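Step one of this worksheet: look at the structure below.
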Amino acid sequence: MSAPNNQVGVPARAAAARAIDAVVHDGRSLKAVLGEVLTDIPDVRDRALVEAICFQALRHLRRYRHALAQWMDKPLPVRERLVESLLLAGLAQLDALALPAHAAVSATAEAARKLRRPAFVGLVNALLRRTAREPWPVSDNPAIAQSYPDWLVARLRADWPDDVDELLAAGNRIAPLWLRVNARLTDRASYARQLQDADVAAQVPEWPVHALRLDQGAAPEQLPGWASGMVSVQDAAAQLAAAALAPRDGERVLDACCAPGGKSAAMLEMADIALTAIDNDPQRLARVETVLLRLRLLNRVTPRPLLRMADARDLDAWWNGEPFDAVLLDAPCSATGIVRRQPDIKWHRRESDIAALNATQDQLLDATWRVVRPGGRLLYTTCSILRAENSARIAAFLERAADATEIPLDAHYGRTAHPGRQRMPGEDGMDGFYYALLRKAG
């Protein structure tokens, strides 16, 4: 008699396969898919397992597909993409999740029945048992071995020839959880003591000054003071954006592409500024408001931040002609510096996207530069590690903007990128990020 498909671990494996299928075959965001899938899983341990399986399978998608191609006598029928996703979930467990092999194989095979693919229970079982006892196929192609698209490996090799191997490896590592302490409500030392009292181990880096690093995962909502706004989740590299722009009391500041709101919040926590925060997506802008409300920045800061739904390039739609002292332009980009946090980026991004992103980045630079007052400053940032989106954009802008000069940033912001500074993924535990600070003549 076959095992029931509600045995321990089977629903979790089936849920992981459905999530992987939605990301790989439907092109959906992993974050969005997990937000839907995990709500239907009551057990916190099962939710953690599903999340870990999905992240591991997507980090190593190409390597796993290569292994399956070597092990299978013939490819699966195209219509059986859900079975492929289940096999990927199985490989993820056997490869890196330190689960007992027999339990992982058994539960994953039985999940085929729960997915209404009973004819494939035997195939899944046989393949996974083989992977548990045999050496895995290897490839000399680093794009396969490290699981990246060919075009991205070629770009990274051209941009960073001495760093490409480490960049590929860093993108597949698990990222730490970075926190930003709300300086309006507490100080970092006091909050670190609250974490210690709650048995949450945290590192206190020299820089950024409001950051704490948790190397073990934690549910943010369970952290001390979360509901009262004492702390936010934000990678240290993103925190450095507010530090680089360094808003001062009394300044008019624009956050030109503000969603999801972390950088707006960081600036409001730093200084009493008149902030205008705009974004062209109403749902994302609503989330910015939610973030600022939780952090008590909408009712405790004077003047009240102004949130506007607009495209920063369309000045007539949102700008009243009064210039800003400082502008943060966190431009839309390939997000290649954060693939360790969002591994689906590797499979959703296309090389053809880069030219379109470059056009948008140039348009945003030209438009937002117009709203900077003489003597004011603009910080251009991305979470990309591609020169085409970073130093190449700023170099081209400096060529066409005679009134723009670069303000040098120090080594806290990464290596010199000529112009600007580039942080690489994993350096000091941070995400990949680019910064260029410009001053307008006046």
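The values are calculated or read from the model by the stated rules, or taken from the named source; none is laboratory data. Remember, it's a predicted structure, so these values are computed and weren't measured experimentally. With ideal geometry, Cβ positions are generated from the backbone for all residues, glycine too; neighbour counts draw on all protein chains shown. Each accessible area value is taken on the protein alone, full model and side chains, heavy atoms only, with ligands, DNA and RNA left out. Shrake-Rupley method; radii C 1.70, N 1.55, O 1.52, S 1.80 Å.
A few notes on this one:
- Semi-axis lengths, Å, the stretch 1-76, gyration tensor of Cα atoms, sqrt of 5 times eigenvalues: 22, 18, 10
- Converting phi to 3J(HN,Hα) with the Karplus coefficients 6.51, -1.76 and 1.60 and the offset θ = phi - 60°, the stretch 15-30 yields 5, 5, 4, 4, 5, 4, 4, 5, 6, 6, 9, 9, x, 7, 6, 4 Hz in sequence order, with x at every glycine or proline.
- Rolling a 1.4 Å probe across all protein chains gives residue 102 an accessible area of roughly 130 Å².
- A cut-off under 10 angstrom between Cβ atoms defines the neighbours of residue 228, and their net charge, with Lys, Arg +1 and Asp, Glu -1, is +2.
- Rg/Rh ratio calculated on Cα atoms of the stretch 170-296 (Kirkwood radius): 0.96
- Distant-in-sequence amide H partners of residue 273 (H built 1.01 Å from N, under 5 Å): 250
- What you get for the stretch 44-157, charging only the Cβ of Lys and Arg (+1) and of Asp and Glu (-1), is a dipole of about 240 debye around the Cα centre.
- Here the extension length gained between residue 7 and residue 76 equals 22.2 nm, from 0.36 nm per residue of separation less the Cα-Cα distance.
- For the stretch 376-440, the Cα-based Rg and Dmax, in that order, read 11.5, 37 Å.
- Computed with every protein chain present, the accessible area of residue 186 is close to 30 Å² [probe 1.4 Å].
- Kirkwood-type radius of the chain, with distances r between different C-alpha atoms, in Å: 23.5 Å
- Eligible lysines near residue 74 by straight Cα distance, threshold 30 Å, same-chain separation 8 or greater: 114, 346
- Local net charge near residue 408, Cβ-Cβ under 14 Å (Lys/Arg +1, Asp/Glu -1): +2
- Ranking of 251, 51, 221 by solvent-accessible surface, largest first: 221, 51, 251 (1.4 Å probe, protein heavy atoms only, all chains present).
- Heavy atoms of residue 383 accessible to a 1.4 Å probe, total area in Å² rounded to 10: 30 Å²
- For the stretch 275-429, the spread of Cα positions along each principal axis, largest first, Å: 39, 38, 32
- Annotation: amide H of residue 372 within the under-5 Å range of 324, sequence separation 5 or more or interchain, hydrogens built in the peptide plane.
- Under the Karplus curve 6.51 cos²θ - 1.76 cosθ + 1.60, θ = phi - 60°, whole-Hz ³J(HN,Hα) for the stretch 95-103, x wherever Gly or Pro sits: 7, 8, 8, 6, 9, x, 4, 5, 5
- Euclidean distance between Cα centres, the stretch 79-102 to the stretch 423-442, Å: 38 Å
- The magnitude of the dipole of the chain, with charges of +1 and -1 set on the Cβ of Lys/Arg and Asp/Glu and taken from the Cα centre, is near 920 debye.
- A protection proxy built from the mean count of other Cβ atoms within 10 Å ranks the segments 126-136, 238-248, most packed first, as 238-248, 126-136.
- Taking amide H atoms as placed 1.01 Å from N in the peptide plane, the amide H of residue 258 lies under 5 Å from those of 278, 279, each 5 or more residues away in sequence or on another chain.
- Couplings for the stretch 331-343, taken from phi via the Karplus curve 6.51 cos²θ - 1.76 cosθ + 1.60 with θ = phi - 60°, read 6, x, 7, 6, 6, 5, x, 10, 5, 5, 8, 9, x Hz in order; Gly and Pro are left as x.
- The distance linking the stretch 303-322 with the stretch 324-391 is 19 Å (Cα centroid to Cα centroid, whole angstrom).
- Share, in percent, of DSSP beta bridges within the chain that are antiparallel, nearest 5: 60 percent
- Sorting 346, 263, 114, 74 by solvent-accessible area of protein heavy atoms yields 74, 114, 263, 346, largest first, with a 1.4 Å probe.
- Heavy-atom accessible area per residue - the chain, 1.4 Å, Å²: 44 Å²
- Calculated mean residue ellipticity at 222 nm for the chain: -13500 deg cm²/dmol, from DSSP H runs with n ≥ 4 weighted as -39500 (n - 2.57), summed, divided by the residue count and rounded to 500.
- Against the main long axis of the alpha-carbon atoms of the chain, helix 150-159 sits at an angle near 40°.
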